[in-house]
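Inspection log for the structure reproduced underneath, given as structure tokens.
The values are calculated or read from the model by the stated rules, or taken from the named source; none is laboratory data. The shown structure was predicted, so the numbers you read here are calculated from the model rather than taken from an experiment. Virtual Cβ from ideal backbone geometry, glycine too; neighbours counted across all protein chains shown. For accessibility, only protein heavy atoms count, side chains too; no ligands or nucleic acids. Shrake-Rupley method; radii C 1.70, N 1.55, O 1.52, S 1.80 Å.
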Amino acid sequence: MKVFVVLLAALAMVAPAFGRTMNRCSLAQEMYAMGVPKSELPQWTCIAEHESSYRTHVIGPANWDGSNDYGIFQINDLYWCQPQSGKFSYNECRLGCNSLLTDDIRDSVNCARQVKNQQGWGAWAVWPKCSGWLPSIDDCFW
């Protein structure tokens with residue numbers, strides 16, 4: 001029984017490291033509460049669906065230039081965040097990449113909006129999948 005209690009306690013400490021999996025509506029609602037216009041939510045939910053399957057904890061495989069993409073919006077560490085490894089980054093969002101992997105998506109949303117403001121929706125490789133038909137968010141708000 002002691003082993004079970006110790007194992008359960010250990011799992012409770014590790015569980016937050018697995019991140020959170022959101023869905024279209026939970027992401028839309030949180031982003032709207034953060035001040036993101038409703039008119040942009042279909043684009044953001046489409047990007048998150050195709051980049052990370054709405055998962056906050058995803059680090060993508062190395063890109064051709066050795067960089068990685070982080071979090072629900074797969075934000076690149078060469079330009080937008082500082083990786084823990086200390087490798088060079090322009091770090092335009094002025095934050096560590098690990099802050100893009102947490103259950104609290106504020107840093108991810110703020111940085112993604114900065115990316116969009118500087119480079120447009122086309123900054124995401126998945127944008128062609130989102131530039132036509134977009135998922136409706138109408139059923140997310142009553």
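Whenever a residue of region 40-52 is under 16 Å from GLN114 (Cα atoms) and open to solvent by less than 20 Å² (accessible area, probe 1.4 Å), its partners that are modelled with pLDDT under 95 and not β-branched (Val, Ile, Thr), lying with C-beta atoms within less than 7 angstrom and at least six residues away or across chains, give the pairs ILE47/CYS130.
Yes/no matrix, rows are residues, columns are (1) free of Cβ contacts under 8 Å to residues at least 60 places away in the same chain; (2) on the phi > 0 side of the Ramachandran plot; (3) part of a helix (DSSP H, G or I):
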position: PRO61; (1), (2), (3): yes, no, no
position: PHE73; (1), (2), (3): yes, no, no
position: TYR90; (1), (2), (3): yes, no, no
position: CYS93; (1), (2), (3): yes, no, no
position: ASN98; (1), (2), (3): yes, no, yes
position: THR102; (1), (2), (3): no, no, no
position: CYS111; (1), (2), (3): yes, no, yes
position: GLN114; (1), (2), (3): yes, no, yes
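Does SER136 qualify as being more than 22 Å from ALA28 (Cα to Cα) and modelled with pLDDT under 95? Judged against the criteria, SER136 is not a match.
Residue selection: ALA48 satisfies the criterion of being within 25 Å of GLY132 (Cα to Cα), among the hydrophobic types (A, V, I, L, M, F, W, C) and at pLDDT 95 or above.
Summed over region 51-68, the residues that are out of contact with any strand residue (DSSP E or B) (no Cβ under 7 Å at 6 or more places or on another chain), among the aliphatic types (A, V, I, L, M) and closer than 22 Å to CYS130 by Cα give a count of 1. Selection of region 86-121 for residues being open to solvent by 30 Å² or more (accessible area, probe 1.4 Å) and within 11 Å of ILE47 (Cβ to Cβ) yields LYS116, TRP121. Going through (1) over 13 Å from the mean Cα position of the chain (by Cα); (2) at pLDDT 95 or above; (3) surrounded by 10 or more Cβ atoms within 10 Å (Cβ to Cβ) one by one, PRO61 falls short only on (3). For region 116-142, the set of residues classified as of a type outside the set (A, V, I, L, M, F, W, C) and part of a loop (DSSP other than H, G, I, E, B) consists of GLY120, SER131, GLY132, PRO135, SER136, listed by residue number. When each of GLN118, GLN82 is tested for being in contact with a strand residue (DSSP E or B) (Cβ under 6 Å, 6 or more places away or on another chain) and more than 17 Å from GLU51 (Cα to Cα), the lone residue that passes is GLN82. Remark: CYS130 falls outside the filter, which requires a residue to be of a type in the set (A, V, I, L, M, F, W, C), under 30 Å from TRP142 (Cβ atoms), under 15 Å from the mean Cα position of the chain (by Cα) and surrounded by 17 or more Cβ atoms within 10 Å (Cβ to Cβ).
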